[in-house]
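The values are calculated or read from the model by the stated rules, or taken from the named source; none is laboratory data. Quantities reported herein were computed from a predicted structural model and do not represent experimental measurements. We place every Cβ from the backbone using ideal geometry, glycine too, and count neighbours over all the protein chains shown. We work out accessible area using only protein heavy atoms, side chains counted, and drop any ligands, DNA or RNA first. Shrake-Rupley method; radii C 1.70, N 1.55, O 1.52, S 1.80 Å.
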Amino acid sequence: MSTSPLENLSQEVTRLLATIESFDSLAALVDAEASIIGKRSALSSLQKSLGSLDPDARRDAGARLQEARRLVDDAFAKRREVLSANARSAQLEQDRIDLGDVVVASIRWPASTGHASLVASTQRELEDVFVSMGFTVSDGPEVESDWYNFEALNIPPAHPARGMWDTFYVELGEPETVVLRTHTSPTQIHLMENAVSSSTLPIHSVMPGRCFRRDTPDARHLATFHQIEGLVVDRGITFADLAGVIETFTRAYFGPDISSRLRPAYFPFTEPSAEFEITCTICRGEGCRTCSQTGWIELGGCGVLDPAVLSAVGIDGEVWSGFAFGFGIDRCAQMRHQIADMRALTENDVRFLEQFS
Ligand code: PHE
């Protein structure tokens, strides 16, 4: 009885699969391609030997051989994929530049002169965008009385909304009457008071500055941080004007592929109030860890001025209306430059700082 040419087929397949797995370099695998799955392979010789079989036996044997080839081809393709991915990451690792080396190599003492910090230059750029939109730039104090930081903003003592701002108190006068400002909103009050006393309404102004909160710093928060406040008080101002200003600003500063959206929120000094979000610049809206998979990042708050605020500063709410917004300058810098951890802004690591000269 003559033996079938496929007698050892399954051992042959097992051997080929083991051979494929044993390759650990892409080049070696590709070199061996012809002998494993090509014309010179064991399976190809078996194919040729089927010619001597009678038609029925040849059909059966052909089908078994085809299945064996499929197994070996698949294993070969998979191994090639794994090895080329390994080769790619090895190449990337080799091309990686150690920024520490680059910085050290490029310092030429004593010619290095320093430059504005990223936060300072971001503040300047934000001011430029708003000035080009017709806003003026104003300043306000960093130490405020409770009246400016809270009460005039419709947040009376013991109002539950005070919990929104963890406050540093200054030991001056009666306890808890002088604060490090927790936001730039008190500067709105100064501006409105001044405009009333000097009869210079309307107001279209932005107010950048340093703020303080009793917060534990993390990747997206600092205890000492910067905000830019916007205030418009004029005739016939509506929420639509606010939304238009926010969208125009977003595209001007972040670029045309980043847009803004407003989501209902609560602030005691605006009604209606909204949170101001922009397309996440890390994932461009796809969803990632930084934006908690939402595709959006919160920049700040905004809303139409509450009549209680207008009356606190003596502005006639029948004649004038307005809106305000406030958002983080540090957060803007973080989003614009895709900085994973905001604490880098305060750590004075020259390798970080030098990237923004
Ligand atoms: N001051 C608010 C905050 O810091 C933001 C805000 C500003 C909200 C202006 C509405 C209007 O949380």
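Taking interchain pairs and intrachain pairs at least six residues apart, which have beta carbon atoms under 9 angstrom, with the first residue in the range 238-251 and without any contact (Cβ under 8 Å) to a residue 12 or more places away in the chain and the second open to solvent by 40 Å² or more (accessible area, probe 1.4 Å)?
Arg251/Asp257
Can you name every residue in the range 318-330 that is more than 11 Å from the ligand (Cβ to nearest atom) and either without any contact (Cβ under 8 Å) to a residue 60 or more places away in the chain or open to solvent by 10 Å² or more (accessible area, probe 1.4 Å) (or both)?
Scanning the range 318-330 gives Glu318, Val319, Trp320, Ser321.
Going through Pro202, Pro186 one at a time, which residue ends up being open to solvent by less than 40 Å² (accessible area, probe 1.4 Å), assigned by TED's automatic domain parsing to the domain that holds Gly236, within 24 Å of Phe249 (Cβ to Cβ) and in contact with an Asp or Glu (Cβ under 6 Å, 6 or more places away or on another chain)?
Pro186
Can you work out which of the residues in the range 125-142 that are farther than 16 Å from Pro202 by Cα and not in a helix (DSSP H, G or I) is least open to solvent (accessible area, probe 1.4 Å)?
Checked the range 125-142; the qualifying residue least open to solvent (accessible area, probe 1.4 Å) is Gly140.
For the range 154-168, check the following and say yes or no: at least one residue is on the phi > 0 side of the Ramachandran plot, of a type in the set (S, T, N, Q) and within 16 Å of the ligand (Cβ to nearest atom).
yes
If you go through the range 251-258 one residue at a time, do you hit one that is within 14 Å of the ligand (Cβ to nearest atom) and either in a loop (DSSP other than H, G, I, E, B) or open to solvent by less than 20 Å² (accessible area, probe 1.4 Å) (or both)?
no
Suppose the filter is closer than 16 Å to Phe276 by Cα and either among the polar types (S, T, N, Q) or loosely packed, with under 15 Cβ neighbours inside 10 Å (or both); does Thr248 pass it?
yes
Conditions tested, residue by residue: (1) assigned to a helix (DSSP H, G or I); (2) open to solvent by 20 Å² or more (accessible area, probe 1.4 Å); (3) away from the ligand (no atom under 16 Å from the Cβ).
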{"site": "Arg289", "(1), (2), (3)": "no, yes, yes"}
{"site": "Leu299", "(1), (2), (3)": "no, no, no"}
{"site": "Cys302", "(1), (2), (3)": "no, no, no"}
{"site": "Asp316", "(1), (2), (3)": "no, yes, yes"}
{"site": "Arg336", "(1), (2), (3)": "yes, yes, yes"}
{"site": "Arg343", "(1), (2), (3)": "yes, yes, yes"}
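Name the one entry in Thr279, Thr216, Thr224, Thr238 that is loosely packed, with under 15 Cβ neighbours inside 10 Å, hydroxyl-bearing (Ser, Thr, Tyr) and in contact with a strand residue (DSSP E or B) (Cβ under 9 Å, 6 or more places away or on another chain).
Step by step, each of Thr279, Thr216, Thr224, Thr238 is checked, and only Thr238 is loosely packed, with under 15 Cβ neighbours inside 10 Å, hydroxyl-bearing (Ser, Thr, Tyr) and in contact with a strand residue (DSSP E or B) (Cβ under 9 Å, 6 or more places away or on another chain).
Count, please, the residues in the range 145-176 that happen to be β-branched (Val, Ile, Thr) and either touching a Lys or Arg at 6+ places or on another chain (Cβ under 7 Å) or at pLDDT below 95 (or both).
Count: 2.
For the range 340-357, does any single residue satisfy the condition of being over 18 Å from the mean Cα position of the chain (by Cα), of a type in the set (S, T, N, Q) and closer than 30 Å to Leu191 by Cβ?
Checking the range 340-357: at least one residue is over 18 Å from the mean Cα position of the chain (by Cα), of a type in the set (S, T, N, Q) and closer than 30 Å to Leu191 by Cβ.
Which pairs turn up if I take residues in the range 215-227 that are assigned by TED's automatic domain parsing to the domain that holds Thr167 and look for partners that are of a type in the set (Asp, Glu) and not in a loop (DSSP other than H, G, I, E, B) with beta carbon separation below 7 Å, at least 6 apart in sequence or on another chain?
Close Cβ pairs (under 7 Å, with a partner that is of a type in the set (Asp, Glu) and not in a loop (DSSP other than H, G, I, E, B)) amount to Leu222/Asp330; Phe225/Asp330; His226/Asp330.
Among the residues of the range 169-213, write down those that are of a type in the set (Lys, Arg) and either touching a Pro at 6+ places or on another chain (Cβ under 9 Å) or more than 14 Å from the ligand (Cβ to nearest atom) (or both).
Arg181 - this is the single residue of the range 169-213 that is of a type in the set (Lys, Arg) and either touching a Pro at 6+ places or on another chain (Cβ under 9 Å) or more than 14 Å from the ligand (Cβ to nearest atom) (or both).
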